[in-house]
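To keep things clear, I will list the structure first and then write my remarks on it.
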Amino acid sequence: GYRQLAKLAKRGPEGAIDGLKSSTMDFAAKQATKDTGAFSFEKYHQFLTRPFAGRGPSLLNLMQQNGVMSGAEISRLNFILDNATRIQKGLANKAQTREIVGEADALTDLATRLVGAHVGAQGALGSGMGPSLVLAQAGSQTMRKWVDKLPRTRILDVIGEAAKNPPLMAALLR
């Protein structure tokens, strides 16, 4: 089972453990994706945390017990997935969503604008370059262009990286 895979990965070449971790997370992501391509953070989280195959430890417990993921990584991942599930559930009510933000993607757009404006206003684009409002707008536009180029499917990669990288998680939460 999983224990043998983990033992092989530990004896294997550098990066084998990360490969096993990625494969496990991809498997869980496939289980949480409908035939239509719709992804459910709730199902993803449940699949990772409930007893695997209805018995025994969960996938996350198996990963921790076999040294594939640390307890700290799992804690951060659970935190991220709890919040992603809560947000996705809130957005599921289309009428409420339209009332609040117009459409689901508007939330991403707003967050992108705010981060970009903050970066611009803080002078990350260069100090002494003019009024902070102008810099904030430039930062906002730059950030929107950058985020628009990112494939939406990379979100799980970002979540996984945030789970294992505390400084990245802290930056995402700011």
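General remarks:
- Tabulated pairs, segment 1-13, first on the phi > 0 side of the Ramachandran plot, second small (Gly, Ala, Ser) and surrounded by fewer than 16 Cβ atoms within 10 Å (Cβ to Cβ), C-beta under 8 angstrom, 6+ apart or interchain: none
- Within segment 26-43, the set of residues being out of contact with any helix residue (DSSP H, G or I) (no Cβ under 6 Å at 6 or more places or on another chain) and either modelled with pLDDT of 95 or more or assigned to a helix (DSSP H, G or I) (or both) comprises Asp26, Phe27, Lys30, Lys43.
- Filter pass, Gln4 being modelled with pLDDT of 90 or more, part of a helix (DSSP H, G or I), over 13 Å from the mean Cα position of the chain (by Cα) and closer than 24 Å to Pro166 by Cα: no
- Checked against (1) open to solvent by 30 Å² or more (accessible area, probe 1.4 Å); (2) within 25 Å of Leu168 (Cβ to Cβ), Arg3 passes all but condition (2).
- Near pairs, Cβ below 7 angstrom, 6+ apart or cross-chain, from segment 66-78 (within 16 Å of Phe41 (Cβ to Cβ)) to any residue that is open to solvent by less than 40 Å² (accessible area, probe 1.4 Å) and among the small types (Gly, Ala, Ser): Arg76/Ala162; Arg76/Ala163; Leu77/Ala163
- Filter result (open to solvent by less than 50 Å² (accessible area, probe 1.4 Å), under 13 Å from Gly160 (Cα atoms) and polar (S, T, N, Q)) within segment 9-40: Thr24
The values are calculated or read from the model by the stated rules, or taken from the named source; none is laboratory data. For clarity, every value in this text was computed on a predicted model and none was experimentally measured. Because the Cβ atoms are built from the backbone with ideal geometry, glycine has one as well, and the counts that use them run over all protein chains shown. Ligands, DNA and RNA are excluded from the accessible area calculation, which covers all protein heavy atoms including side chains. Shrake-Rupley method; radii C 1.70, N 1.55, O 1.52, S 1.80 Å.
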